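Peer 1: The structure's right below; bear with me while I get my questions together.
The values are calculated or read from the model by the stated rules, or taken from the named source; none is laboratory data. If you're wondering where the values come from, they're calculated on a predicted model, not measured in any experiment. Note that each Cβ is placed from the backbone with ideal geometry, even for glycine, and that neighbours are counted across all protein chains shown.
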Amino acid sequence: MAATLVGGAFLYASVQTMIDKLTSTEFRDYINNKKLNVSLLKQLQTTLLVLQAVLDDAEEKQINNRAVKQWLDDLKDAIYDAEDLLNQISYESLRCKMESTQYANKTNQVWNFLSSPFRNIYGEINSQMKAMCDSLQLFAQHKDILGLQNKTGKFSRRIPSSSLVNESIMVGRKDDKETIMTMLLSESSTNNNNIGVVAILGMGGVGKTTLAQLIYNDENVQEHFDLKAWTCVSEDFDILRVTKTLLESVTSRAWESNNLEFLRVELQKIVRDKRFLIVLDDLWNDNYNDWDELVTPLIKGSSGSRMIVTTRQEKVAVVAHTFPIHKLEVLSDEESWSLLSKHAFGRENSCSSKCLNLEAIGRKIARKCGGLPIAAKTLGGLLHSKVDTKEWTAVLNSDIWNLPNDNILPALLLSYQYLSSQLKRCFAYCAIFPKNCSLDRKQLVLLWMAEGFLDHSEDGKAMEEVGDECFSELLSRSLLQQLHGDSGGQKFIMHDLVNDLATVVSGKSCYRLELGGETSKNVRYLSYNQEEFDIFKKFKILDKCKCLRSFFPIVSNWDLNFLSRNVVDDFLPTLGMLRVLSLSKYINITMLPDSIGSLVQLRYLDLSRTKIKRLPDTTCNLYYLQTLNLSRCSKITKLPEDVGKLINLRHLDIDLTSITELPKQILELENLQTLTVFVVGKQNVGLSVRDLGRFPKLREKLIIKNLHNIIDVVEACDSNMKNKEHIEELTLQWGHKIDDSVKGKDVLDMLQPSANLKKLRIDLYGGTSFPSWLGDSSFSKLVSLDINNCAYCVTLPPLGQLPSLKDLSVKGMSILETIGPEFYGMEGRGFKSSFQPFPYLETLLFEDMSNWKEWLPLQDDIFPFPRLKTLKLFKCPELRGCLPSHLSSIEEIELRCCDNLLTTPATQHWLSSIKKIYIIGDLNSTQKTQWSLLESDSMCVLQNATIGFCDTVLSMPKMILRSTCLQDLNLYDIPSLTSFPTDGLPNSLQSLRINGCNSLSFLPPDTWSNYTSLVHLSLLNSCDTLTSFSLNGFPKLRNLSIDGCRSLESIFISESSSHHPSTLQSILLYNCDTLRSLPQWMDTLTALESLFLARLPKLELSLCEGAFLPPKLQSFFINFVTIKVPPIIEWGLQRLTALSELSIGGDDDVVHTLLKERMLPISLVSLTIIYLPEMKCIDRNGLRHLSSLEKLEFEICLGLESLEEVVLPSSLKTLIFNHCPRLESLPEDRLPSSLKLLRIDRCPVLEARYENEKGKHWSNIVHIPIIEINGKVTI
């Protein structure tokens, strides 16, 4: 029954909104002035009041009365339709109000163009009103038949301000935690490639994720593991997404690539020989092959590495576990009560008299939670706002507890039932988000606002404030949870069971395209997963959904997304009720049709990250628009002149656009709360900075550009920046470097922001000094400060006084010569002051400081930077002397083009604590200096070192050699370095990259066996004396890349080490002009998965008897390599059952033979044929047997003329032609139906055949969903 409880659970708020509209003065005046039937509106108001009075009773009775349930279902759709009609009338009223006499003709022309459903035919409105009234009157009559009665609302409509519930509260899991911790921290070996897998098994809501989070963040775990990563897998098992999430988690940065193989290799590099902990939360897939694919990049982690898998399915646990499966049982009744009471009363009030009075009832409620923490938490959150015994008793005796269990927990449904009507609508709307989808707090509030869910009429609060309180309330009731690892406090998630609840209570109103199933014509809110190419066919299922209010893509990780123009031009304009429209990240959106102006109900329009060049003028007819997001639309240069007509616009984001001037009419937008960029115009052109005073409600982020255009300093004062208390991020930007010391300083002084500021950036300031407010300790919330290109300033402000500053960047102060006490805020302070400068600074960057010579130390007993972790100095060529002496928390130092500083003796004791150094010299410097800073004799904990662009380093720096745990070493362009030390490099080394070190002699072969941790080796244009290389010389080497080694002649497998199993997984050999031989028996490289051979002119391969090719090869690239051709059957390509990716070319005869004899393995998924200078055509059936082939590419096939007779595989999805200048035709009548993408680039004859979508042969390929010709995409 729960699955059918979709009725009118949140209809109260919708009905109240309509009643408010009907009784508003503006609405009634419009009705009276037009030929509309006033009596119908009075009848509608009366009917709505009658229905509203019985909604609470209906909501209760629907649980046990299917007739009432059906009545509510049908009423819900009728209410939606009534809302839509009243909103259209309201818009017509607003339109008439907006039209002034002088613009009447113009506006009427626009309105006629927009094909208004009314067209001043008020009889049609009356007809629709009559039908709506009759429909609702029937519902009112049926309420008596159903026995529904007037009932005062039992649900609190108050939205209390509430602090976040502490997610670390755990009850009854101490033993579980200790058991799992023992397995994680034990030194016992496992039989699964160094990885021990702990599987936590339990039903949904039992607390698996919370337990895993508690363990993941435990202090002992933090210290035990080198790396940690967390990813939520979920039911939709996507190995690409999971791999990318793991990689982003361990590197703390975004990875844009969607190449799975590349991501797997990168992940493998990072975890190699490190003891890691990885949590795979909510794993459903029990396919062993998928599991094996997922963990393969991890198998060479250090012994003691662990994985935690949480799952509901025993089969999954059986496949994954290496330790005994840990089954998480439900809580006892006592534990359930303990957890419920903590959430209901708070830990500090758990023994209060209020708690004791309600304990007996509470214990009975806790028993009904079935031992599930998620149920106890949500009910605790519900009861948190209840103080009366009767309210607790009502929860205990609710009929919802008696519903059959059909995947929706009664406790969760009960929590929902006790939400206010407003909160119910907000919560149910969250059903448009898929499971495990990250929810952005600010965005969600704007979406709720656009959909009309936020009632702000009673207390006068801003809608955004009401929305934020709604969010906090859902959070306090555990219906939303903060996303694991989110430090900004803006990303949240719904538990899977809560997401199921949202899906159920939203009924047919919300539809997620990927879930499939029947679509109802009454669908109102649509979401879908954005793909690289979203074709028109994807949306055909929505043809009958003309009442949509939300069209919302869940944005993808793809960099380049394309949406069918048919969707934009033909489908979207038919959705006249649309309130939310997002086209974010579709880069083929360069313009919108004028018909966008017909979507007059639109409140939220997101065009961010598109290539749109301008907004059509009709956009200004969207009078209800509240949010317009144009951020990162780099092609747009201006806003429409009539933007002032958007009188309800509250949020305008134009950050990272090319807009250089704001129209005057923007000053009419008095409700603006977000204006990310304000452009100061020239005198009498554009806006004055004083116009900022017209926007008192601005909040969050503001960038003020072109401050050099200010003529009168008083204008800056009139901007009233100091009173804009809700601005958190501020950028003050002058247009270019200009010496304007007097006016510039006065302007900056007058632009003093509120002390609530958190981030500040100053660009191109022309003054010689900074005003006194910059650096004042009253800015206690400031955490980030950037001072850029203030070229005429001779001193820095007293930034050390900022008590909360964490990140400081100073760039381009080209006159400054000395940094001393004034920087720390020490001037004027007593000698024995207890003040500590920069108490919370973590990252400090100085860049492009061309005349900076001295960094003066402070007196001995004052130590700034106690928390500094990262110090970066770039392009400070004159800086000499010592760096700060006491950096107790320093972990990373990066120096670029600071050669004089590098001559400083290595006397700083903190150098031994550095974990990462990045030192880049200046090869163009005329001064030849020795890098003494790196010559410390002390043992150190350096893990990652990069040194480059220096011609005075004659030997390996001691700091590198003294490291006890060096893992990564990168050497770039050091022509003076000729040899490694006799004792070699630290044996802990895992990765060695050498680039542009031609004179360097490589490590002696007799020492290679000592490097038992080395897994990645890359040589690029280096080690010119290296003539041979043993593939099994380094015992644990996995990835080998050799590019441009001039003298390399031979690569072999040493017989003395051949008894050790090979660990090599990838080999790249490129541009080695003298390389003549590879080992014939490379099939002994049993772990090799990727082999890349190209531009090896003297290499001759013999593929005799298949001995050359490794058996597990998955990816093989071979080009510009001479192949000795034995009988084709001896190649053994067909035996490579794992080979999925092949790129081959450079030899017409070899490719012709392979295709003619159909010798390519059927396992191929991707095939690239590259550089065939002579072959004119390929064998008709050469590709036909490749039943798994999805991608086929022809690249630089200069002689290829025709594929007209070729039979392509039926599995083919992508077909690409790149630089095939003679290619004339495709097998147009035999293109497989599976083909989704055809890409043609630099193929002039073929391009002419289709003549930019106008050629006579275009019709032969137009059925292909995506066609890309020279970068132009037709979709």
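Peer 1: Could you go through region 825-846 and let me know if any residue there is hydroxyl-bearing (Ser, Thr, Tyr) and closer than 18 Å to residue 769 by Cα. Spell out the reasoning first.
Peer 2: So in region 825-846, the residues hydroxyl-bearing (Ser, Thr, Tyr) come out as 833-834, 840, 843.
Subsequent filtering for residues that are closer than 18 Å to residue 769 by Cα retains none.
The answer is no, given that none of the residues of region 825-846 is hydroxyl-bearing (Ser, Thr, Tyr) and closer than 18 Å to residue 769 by Cα.
Peer 1: In this structure, is residue 858 modelled with pLDDT under 85 and either in contact with a Phe, Trp or Tyr (Cβ under 7 Å, 6 or more places away or on another chain) or outside any loop (DSSP other than H, G, I, E, B) (or both)?
Peer 2: Working: modelled with pLDDT under 85: yes; either in contact with a Phe, Trp or Tyr (Cβ under 7 Å, 6 or more places away or on another chain) or outside any loop (DSSP other than H, G, I, E, B) (or both): yes.
In short, yes.
Peer 1: Can we say residue 1234 is of a type in the set (Ser, Thr, Tyr) and under 19 Å from residue 1158 (Cα atoms)?
Peer 2: Values: of a type in the set (Ser, Thr, Tyr): yes; under 19 Å from residue 1158 (Cα atoms): no.
The answer is no for residue 1234.
Peer 1: Also, quick follow-up: Which of (1) touching a strand residue (DSSP E or B) at 6+ places or on another chain (Cβ under 9 Å); (2) modelled with pLDDT of 85 or more is the odd one out, the single condition residue 186 does not satisfy?
Peer 2: (2)
Peer 1: On the given criteria, is residue 942 modelled with pLDDT of 90 or more and out of contact with any Phe, Trp or Tyr (no Cβ under 6 Å at 6 or more places or on another chain)?
Peer 2: Values: modelled with pLDDT of 90 or more: yes; out of contact with any Phe, Trp or Tyr (no Cβ under 6 Å at 6 or more places or on another chain): yes.
So residue 942 passes the test.
Peer 1: Okay, next question. Return the only residue of 559, 570, 606 being free of Cβ contacts under 8 Å to residues at least 12 places away in the same chain and either acidic (Asp, Glu) or closer than 20 Å to residue 434 by Cα (or both). So that I can check it myself, show each step before the final result.
Peer 2: On the way: 559 fails: free of Cβ contacts under 8 Å to residues at least 12 places away in the same chain; 606 fails: free of Cβ contacts under 8 Å to residues at least 12 places away in the same chain.
Just one listed residue meets the conditions, 570.
Here is a yes/no grid of residues against (1) β-branched (Val, Ile, Thr); (2) out of contact with any strand residue (DSSP E or B) (no Cβ under 9 Å at 6 or more places or on another chain); (3) farther than 19 Å from residue 758 by Cα:
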{"site": "683", "(1), (2), (3)": "no, yes, yes"}
{"site": "691", "(1), (2), (3)": "no, no, yes"}
{"site": "696", "(1), (2), (3)": "no, yes, no"}
{"site": "708", "(1), (2), (3)": "no, no, yes"}
{"site": "711", "(1), (2), (3)": "yes, yes, yes"}
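Peer 1: So is residue 637 crowded, with 21+ Cβ neighbours inside 10 Å, hydroxyl-bearing (Ser, Thr, Tyr) and assigned to a loop (DSSP other than H, G, I, E, B) or not? Give the steps one after another, and end with the answer.
Peer 2: Working: crowded, with 21+ Cβ neighbours inside 10 Å: no; hydroxyl-bearing (Ser, Thr, Tyr): yes; assigned to a loop (DSSP other than H, G, I, E, B): yes.
In short, no.
Peer 1: Given the criterion over 23 Å from residue 1164 (Cβ atoms), modelled with pLDDT under 85 and either acidic (Asp, Glu) or not assigned by TED's automatic domain parsing to the domain that holds residue 1019 (or both), identify the matching residue among 1130, 1100, 1105.
Peer 2: Details: 1130 fails: over 23 Å from residue 1164 (Cβ atoms); 1105 fails: over 23 Å from residue 1164 (Cβ atoms).
The conditions single out 1100.
Peer 1: Also: In region 110-138, which residues are among the basic types (Lys, Arg) and modelled with pLDDT under 70? Walk me through how you get there before you give the answer.
Peer 2: If we filter region 110-138 for residues that are among the basic types (Lys, Arg), which is where we start, we get 119, 130.
Result: 119, single match.
Peer 1: Do we have any residue at all in region 1217-1227 that's in contact (Cβ under 8 Å) with a residue 24 or more places away in the chain and among the aliphatic types (A, V, I, L, M)?
Peer 2: From region 1217-1227, those in contact (Cβ under 8 Å) with a residue 24 or more places away in the chain are 1217-1227; that's our starting set.
Okay, now just the ones that are also among the aliphatic types (A, V, I, L, M), so 1223, 1226.
Yes: region 1217-1227 contains one or more residues that are in contact (Cβ under 8 Å) with a residue 24 or more places away in the chain and among the aliphatic types (A, V, I, L, M).
Peer 1: Which is modelled with pLDDT under 85 and among the hydrophobic types (A, V, I, L, M, F, W, C), of 50, 68, 6, 15? Talk me through it step by step, then tell me what you get.
Peer 2: Working: 50 fails: modelled with pLDDT under 85; 68 fails: modelled with pLDDT under 85; 15 fails: modelled with pLDDT under 85.
Within the list 50, 68, 6, 15, the selection yields 6.
Peer 1: Now for a separate question. If we keep just the residues of region 797-814 that are among the aliphatic types (A, V, I, L, M) and outside any loop (DSSP other than H, G, I, E, B), which is nearest to the chain's Cα centre (by Cα)?
Peer 2: First, pick out the residues of region 797-814 that are among the aliphatic types (A, V, I, L, M): 799, 802, 805, 808, 810, 813.
Those left that are additionally outside any loop (DSSP other than H, G, I, E, B): 799, 808, 810.
Numbers: 799: 33, 808: 25, 810: 28 Å.
Here the answer is 808.
Peer 1: Another question, then. Right, residue 1023: buried (at least 19 other Cβ atoms within 10 Å of the Cβ) and under 17 Å from residue 1073 (Cα atoms) or not? Steps first, please.
Peer 2: Values: buried (at least 19 other Cβ atoms within 10 Å of the Cβ): yes; under 17 Å from residue 1073 (Cα atoms): yes.
Yes; evaluated as a whole, the condition is true for this residue.
Peer 1: Please go through region 1237-1275 and pick out each residue that is basic (Lys, Arg) and either assigned to a strand (DSSP E or B) or buried (at least 17 other Cβ atoms within 10 Å of the Cβ) (or both).
Peer 2: To start, the set of residues in region 1237-1275 that are basic (Lys, Arg) comprises 1239, 1242, 1249, 1254, 1256, 1272.
The answer is 1239, 1249, 1272.
Peer 1: Sort out which residues of region 512-526 are assigned to a loop (DSSP other than H, G, I, E, B) and among the aliphatic types (A, V, I, L, M), and write them in order of number.
Peer 2: Taking region 512-526 as the starting set, the residues that turn out to be assigned to a loop (DSSP other than H, G, I, E, B) are 516-524.
If the condition is that a residue be assigned to a loop (DSSP other than H, G, I, E, B) and among the aliphatic types (A, V, I, L, M), then 523 is the only one that fits.
Peer 1: Residue 1140: surrounded by fewer than 15 Cβ atoms within 10 Å (Cβ to Cβ), under 22 Å from residue 1111 (Cα atoms) and not aliphatic (A, V, I, L, M), yes or no?
Peer 2: On the way: surrounded by fewer than 15 Cβ atoms within 10 Å (Cβ to Cβ): no; under 22 Å from residue 1111 (Cα atoms): yes; not aliphatic (A, V, I, L, M): yes.
Answer is no for this residue.
Peer 1: Write out, first by first residue and then by second, each pair whose Cβ atoms fall under 7 Å of each other, whose residues are 6+ apart or on separate chains, and whose first residue, in region 1145-1159, is touching a residue at least 12 places away in the same chain (Cβ under 8 Å) while the second is acidic (Asp, Glu).
Peer 2: What qualifies is 1148/1174; 1155/1179; 1156/1179.
Peer 1: Let me ask something additional. Which one of these is within 28 Å of residue 249 (Cβ to Cβ) and part of a loop (DSSP other than H, G, I, E, B): 475, 479? Spell out the reasoning first.
Peer 2: Numbers: 475 fails: part of a loop (DSSP other than H, G, I, E, B).
Answer to the check: 479.
Peer 1: Need the failing condition index for residue 866 against (1) in contact with a Lys or Arg (Cβ under 8 Å, 6 or more places away or on another chain); (2) farther than 30 Å from residue 723 by Cα, just the number.
Peer 2: All conditions are met except number (1).
Peer 1: Among the residues of region 1169-1193, what is the count of those that are under 18 Å from residue 1121 (Cα atoms) and free of Cβ contacts under 8 Å to residues at least 40 places away in the same chain? If you could, list the steps in order and put the result at the bottom.
Peer 2: Step one: list which residues in region 1169-1193 are under 18 Å from residue 1121 (Cα atoms), which gives 1169-1175.
Going one step further and asking which of them are free of Cβ contacts under 8 Å to residues at least 40 places away in the same chain, we end up with 1169, 1172-1175.
Number of matching residues: 5.
Peer 1: Could you count how many residues in region 539-555 are part of a helix (DSSP H, G or I) and surrounded by fewer than 19 Cβ atoms within 10 Å (Cβ to Cβ)?
Peer 2: Filtering region 539-555 down to residues part of a helix (DSSP H, G or I) leaves 539-542.
Adding the requirement that they be surrounded by fewer than 19 Cβ atoms within 10 Å (Cβ to Cβ) leaves 540-541.
Counting residues in region 539-555 that are part of a helix (DSSP H, G or I) and surrounded by fewer than 19 Cβ atoms within 10 Å (Cβ to Cβ) gives 2.
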